[in-house]
Amino acid sequence: MGSLNAPRNHTSRFSSLEPTALDGPFALEAAFRKDTHEAKVNLGIGAYRDDEGRPWPLSAVKEAKKRLAAGDWSHEYLPLHGDDSLLQASRTVLFGSKLVSEIDVGVASVQTVSGTGANSLIARFAGKHLNPAQVLFPDPTWDNHFRIWRENSPHIVQRWYPYYDLEGRVFDFDGIMATLRQDAVAGDVILLHACAHNPTDPSQAQWAEIASLCEEKQLFVIFDVAYQGLHPATWTEMRGRSSISFLALALSLPPVNPSPKILGFTVSEPASSTSWFLKGQI
Ligand SMILES: Cc1ncc(COP(=O)(O)O)c(C=O)c1O
């Protein structure tokens, strides 16, 4: 009989797998931790921190965690689409209560494991059911977007539209409009960050123009809403368009009929969304 401590001489089935390189912000974070300079400052990953550089959870998040810990949970299985009260709350955070009351019937929501899970699900859904020729990402964007789309819908051509003008250090409004006009074709998917897309968001007026161009070009708009609440949400100008094709972390469809048709994948993490409601911040 073999001993658990006996040396094993078989090769792991996984030994041929390439290790994944750390992506940009995480590589920077690792370099920051290693750096011994006493005056180092972390301007990388944009999470709240205290003066000592420790994570600074929002008080609303702490309160929600307390309530979760004190709650009498049944730990019953959830339906496959997720927790209904969480989804309802997420829809309201995402679309606002007025819009939700107007369009609620047309919104379908699914709970996913974090924003990464939501992005994966949407990339897969889009590849299977929307079948766009191209997906257009902002440059720059979250490093994982193109990988997630490559894994889930490798047949969709990936393109970039300019987002940040490095020289002028401003949002590249003219660049995005010109590229969409030239490169996007009807049925393409455009991925937009709803808010707090560093270092700046479009103004309300610019969102309105982007929305009009997406309507004109009949694009499927996918909003990655990763940071709502951290920055004023100027994207509401776009969110309110009933005729736009749009999927929120989210999707919607081209105006096949005059009624708003929004399939919303509303996604959020239980503790934080609950706490926003507890605090009435949204
Ligand atoms: C724009 C954007 N979308 C999605 C995610 C992933 O979210 P999660 O950490 O909840 O998986 C991130 C995380 O950094 C992000 O920046």
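Read the figures in this text as sums done on the coordinates, not as results from a lab. Owing to the predicted nature of the structure, the values given are computational and were not obtained by experimental measurement. Because the Cβ atoms are built from the backbone with ideal geometry, glycine has one as well, and the counts that use them run over all protein chains shown.
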Quiz item: What residues qualify as long-range amide H neighbours of Trp160, i.e. H under 5 Å apart, gap of 5 or more or another chain, H built at 1.01 Å from N?
Solution: Phe137
Quiz item: What's the exposure ranking of Leu130, Leu191, going from fewest to most Cβ atoms within 10 Å?
Solution: Leu130, Leu191
Exercise. Give the Kirkwood hydrodynamic radius (Å, one decimal) of the range 84-171, defined as one over the mean of 1/r across all pairs of different Cα atoms.
Key: 15.2
Quiz item: Pulled fully out, how much extra length does the chain show between Ala47 and Ala186, if you take 0.36 nm times their separation in residues and subtract their Cα-Cα distance?
Solution: 46.3 nm
Quiz item: When you count, for each residue, the other Cβ atoms within 10 Å and take the mean per peptide, how do 118-129, 195-206, 51-62 rank with the highest first?
Solution: 118-129, 195-206, 51-62
Quiz item: Quick one: which of 134-143, 64-73 comes out on top by average Cβ neighbours within 10 Å, and what's the full order, highest first?
Solution: 134-143, 64-73
Quiz item: Sequence-distant or interchain residues sharing an amide H contact under 5 Å with His193, placed H: which?
Solution: Asp224
